[in-house]
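The values are calculated or read from the model by the stated rules, or taken from the named source; none is laboratory data. Keep in mind that what you see is a predicted model, and the values were worked out from it rather than measured. For neighbour counting, all protein chains shown are included, and Cβ atoms are generated from backbone atoms with ideal geometry for every residue, glycine included.
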Amino acid sequence: MSSKFLYADDNKRYHSLFYYNKHRFGHRVYKAVLNGGFTCPNLDGTKGFQGCAFCDGGSGAFTKALPLQQQLELELSRIRKQNPDAKAIAYFQVHTNTYAPVDTLRSLFEQAIRFPDMIGISIGTRPDCLPDDILDYLSDLNQRTYLTVELGVQTVHDRTAQAFGRGYQYSEFLESYQKLQDLKIRTCLHIIDGLYQENLSDMLRTAEILGKLKPQAVKIQLLHVLKETRYEKLYQSGIYMPMTQEDYISTVVKQLEYFPPETVIERLTGDGEKAKLLAPLWSMDKIRTLGNIDKLQVQLDTWQGKNFYQRLARKPPLLKRGDELRPFS
């Protein structure tokens, strides 16, 4: 690449969240991770009781089940220890945060956006939990604060999703995503690399197809094998082998080529709770992983969006309808 990446002030070759926040808000912004007390259709029996095969009962285990006001105070105190002048975004992360009556959502979300130094709100949810009345409320909220809706997609391949028990089809995601875009609501898509029975081609296809949707933001994460999950059984039996660090880094670098440069890359790795993480243990060294992603992009002379615009004129490849995989037992 003959010149610096457009959306970077340093030598990064992807559109980092740090860069975006700096230019959007003019200062450091952190996530205040909150537990709204929600459940999930995959946990309450609507679509299942065990959650997805990689789920250990819900993300955000470090978030205490306290009244929301106390959570906000604790999180802002934690953030201020890192940066006394920082602002925060109220991040409803645990379980499915639109899976409740709209009045319940309103009581929690309005409390969060009124809290001092919370400059916005981010809501993690599923595409099958966005009925029209909630979309109407989110549209109103979007007019009054900085809003991001985070959708867990994981993969575009329905055969994989059926195997780990996601509980909805890709077509359902696409419908909800389009509704959010029609309402001009910033949307962040979550991808998981290293899912059981997916290969490099599958993971790149997910990036290519989602990249063509031009999402405002994306989170790419490695599959963590956690204790007390169905993935633990596969791992302990030797059926499932996690990605190596080298393979994961190479895959992410290739995936970044499929996302338009404007898409904010909010995450390129993730945190597995140390007490529960079984594999891969290399994932705990996030700094090394991120540094090697940067190095490989330079070595390959590649960058985010390198293949996006030259492929845009092509008809998106169809997802192959393969044999359905047996769900995890």
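Report every pair of residues separated by at least 6 positions or lying on different chains whose Cβ atoms are under 8 Å apart, first residue within the stretch 280-298 and on the phi < 0 side of the Ramachandran plot, second surrounded by fewer than 17 Cβ atoms within 10 Å (Cβ to Cβ) and hydroxyl-bearing (Ser, Thr, Tyr). Close Cβ pairs (under 8 Å, with a partner that is surrounded by fewer than 17 Cβ atoms within 10 Å (Cβ to Cβ) and hydroxyl-bearing (Ser, Thr, Tyr)) amount to PRO280/THR244; TRP282/THR244.
Within the stretch 264-274, is there a residue that is under 30 Å from ASP301 (Cβ atoms), small (Gly, Ala, Ser) and crowded, with 20+ Cβ neighbours inside 10 Å? No: zero hits.
Scanning the stretch 174-214 for residues that are of a type in the set (Phe, Trp, Tyr) and over 21 Å from PRO280 (Cβ atoms) turns up just one, TYR177.
Among the residues of the stretch 243-273, those that are of a type outside the set (A, V, I, L, M), within 15 Å of ASP202 (Cα to Cα) and under 17 Å from the mean Cα position of the chain (by Cα) comprise TYR248, THR251, GLN255, TYR258. Tally the residues that are in contact with a Ser or Thr (Cβ under 8 Å, 6 or more places away or on another chain) and under 24 Å from THR148 (Cβ atoms), restricting the search to the stretch 258-288. Qualifying residue count for the region: 7. Tell me yes or no: at least one residue of the stretch 84-98 is modelled with pLDDT under 95, buried (at least 18 other Cβ atoms within 10 Å of the Cβ) and assigned to a strand (DSSP E or B). Yes, the stretch 84-98 contains a residue that is modelled with pLDDT under 95, buried (at least 18 other Cβ atoms within 10 Å of the Cβ) and assigned to a strand (DSSP E or B). Candidates are the residues of the stretch 71-104 that are more than 18 Å from the chain's Cα centre (by Cα) and in contact (Cβ under 8 Å) with a residue 60 or more places away in the chain; the one that is farthest from PHE25 (Cα to Cα) is ALA100.
Among the residues of this structure, VAL156 does not count as one that is out of contact with any helix residue (DSSP H, G or I) (no Cβ under 8 Å at 6 or more places or on another chain), under 28 Å from ALA53 (Cα atoms) and assigned to a loop (DSSP other than H, G, I, E, B).
The single residue among ASP56, ASP103 that is among the charged types (D, E, K, R) and at pLDDT 95 or above turns out to be ASP103.
Name the one entry in ALA217, ALA207, ALA163 that is touching a residue at least 12 places away in the same chain (Cβ under 8 Å), touching a Pro at 6+ places or on another chain (Cβ under 6 Å) and not basic (Lys, Arg). Of the residues listed, the single one that is touching a residue at least 12 places away in the same chain (Cβ under 8 Å), touching a Pro at 6+ places or on another chain (Cβ under 6 Å) and not basic (Lys, Arg) is ALA163. Only a single criterion out of (1) touching a Ser or Thr at 6+ places or on another chain (Cβ under 8 Å); (2) crowded, with 19+ Cβ neighbours inside 10 Å is not satisfied by VAL29, namely (1). Restricting the first member to the stretch 3-23 and to residues that are more than 13 Å from VAL298 (Cβ to Cβ), and the second to residues that are among the hydroxyl-bearing types (Ser, Thr, Tyr) and not in a helix (DSSP H, G or I), the beta-carbon pairs closer than 6 Å and six or more apart or on different chains are HIS15/TYR7; TYR19/TYR7. Residues in the stretch 195-211 that are in a loop (DSSP other than H, G, I, E, B) and in contact with a helix residue (DSSP H, G or I) (Cβ under 7 Å, 6 or more places away or on another chain): LEU195, TYR196, GLN197, GLU198. Out of all the residues in the stretch 192-207, is one or more at positive phi and surrounded by fewer than 20 Cβ atoms within 10 Å (Cβ to Cβ)? Yes - at least one qualifying residue is present in the stretch 192-207. Taking the condition in contact with a Cys (Cβ under 8 Å, 6 or more places away or on another chain) and under 19 Å from PHE173 (Cβ atoms), does GLN216 pass? Criteria met by GLN216. The residue that is surrounded by the most Cβ atoms within 10 Å (Cβ to Cβ), among those in the stretch 132-169 that are at pLDDT below 95 and under 16 Å from the mean Cα position of the chain (by Cα), is ARG166. With the structure loaded, tell me whether SER139 is in contact with a Cys (Cβ under 9 Å, 6 or more places away or on another chain) and assigned to a helix (DSSP H, G or I) or whether it fails that test. The answer is no for SER139. Quick check, is GLY238 modelled with pLDDT of 90 or more, part of a loop (DSSP other than H, G, I, E, B), crowded, with 19+ Cβ neighbours inside 10 Å and at positive phi? For GLY238, the condition - modelled with pLDDT of 90 or more, part of a loop (DSSP other than H, G, I, E, B), crowded, with 19+ Cβ neighbours inside 10 Å and at positive phi - is not met.
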